[in-house]
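The values are calculated or read from the model by the stated rules, or taken from the named source; none is laboratory data. Computed from a predicted model, the values in this text were never measured in an experiment. Cβ placement follows ideal geometry from the backbone for every residue including glycine, while neighbour counts extend to all protein chains displayed.
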Amino acid sequence: MTTLEEDKYNRARKRVECIKGFYVHLSVYLVINTAILLVIYMAILDDGESFWQISHFFTAIFWGLGVLFHAANTFDLNPFFGKKWEERQIRRYLEEDEKQSKKYQ
């Protein structure tokens, strides 16, 4: 296998590991938060409180934000500073450097 093929393979493997990591994170989030909310719901049935208090959902909300950021990172969903933006900026600076070097030659 050539170096280029090895690089491609390693990038693909790393990408698959990132996606797998996201799905594990999402699965754990769903299982744990379902269990937490069921326990809260069962406890509330005994006390007669309202289930729909925001404090009952803090874990799900804030951990859910973490899952969303993980998804954005894994699937390159950042519209502002994602990989495509980085590539455009790198190309722009390389072109500027090339123009500067030609200017002084």
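Condition check ((1) on the phi < 0 side of the Ramachandran plot; (2) in the same structural domain as Arg15 (by TED's automatic domain parsing)) across all residues:
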| position | (1), (2) |
| --- | --- |
| Leu38 | yes, yes |
| Gly48 | no, yes |
| Ile54 | yes, yes |
| Ile61 | yes, yes |
| Leu68 | yes, yes |
| Lys84 | yes, no |
| Ile90 | yes, no |
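Within region 58-105, the set of residues being aromatic (Phe, Trp, Tyr), modelled with pLDDT under 90 and under 30 Å from Val31 (Cα atoms) comprises just one member, Phe75.
So, of the residues in region 14-38 that are more than 17 Å from the chain's Cα centre (by Cα) and exposed (fewer than 12 other Cβ atoms within 10 Å of the Cβ), which turns out to be farthest from Thr74 (Cα to Cα)?
Here is the first cut: in region 14-38, the ones more than 17 Å from the chain's Cα centre (by Cα) are 31-38.
Remaining after also requiring exposed (fewer than 12 other Cβ atoms within 10 Å of the Cβ): 31, 34-35, 38.
Details: Val31: 21, Thr34: 24, Ala35: 26, Leu38: 30 Å.
Going through the qualifying residues, I end up with Leu38.
Within region 39-57, restricting attention to residues that are surrounded by 11 or more Cβ atoms within 10 Å (Cβ to Cβ) and under 23 Å from His25 (Cα atoms), the residue that is modelled with the lowest pLDDT is His56. For the chain, the helices (runs of 4 or more DSSP H) that sit wholly inside it and include 3 or more residues that are touching a Ser or Thr at 6+ places or on another chain (Cβ under 9 Å) are 3-47.
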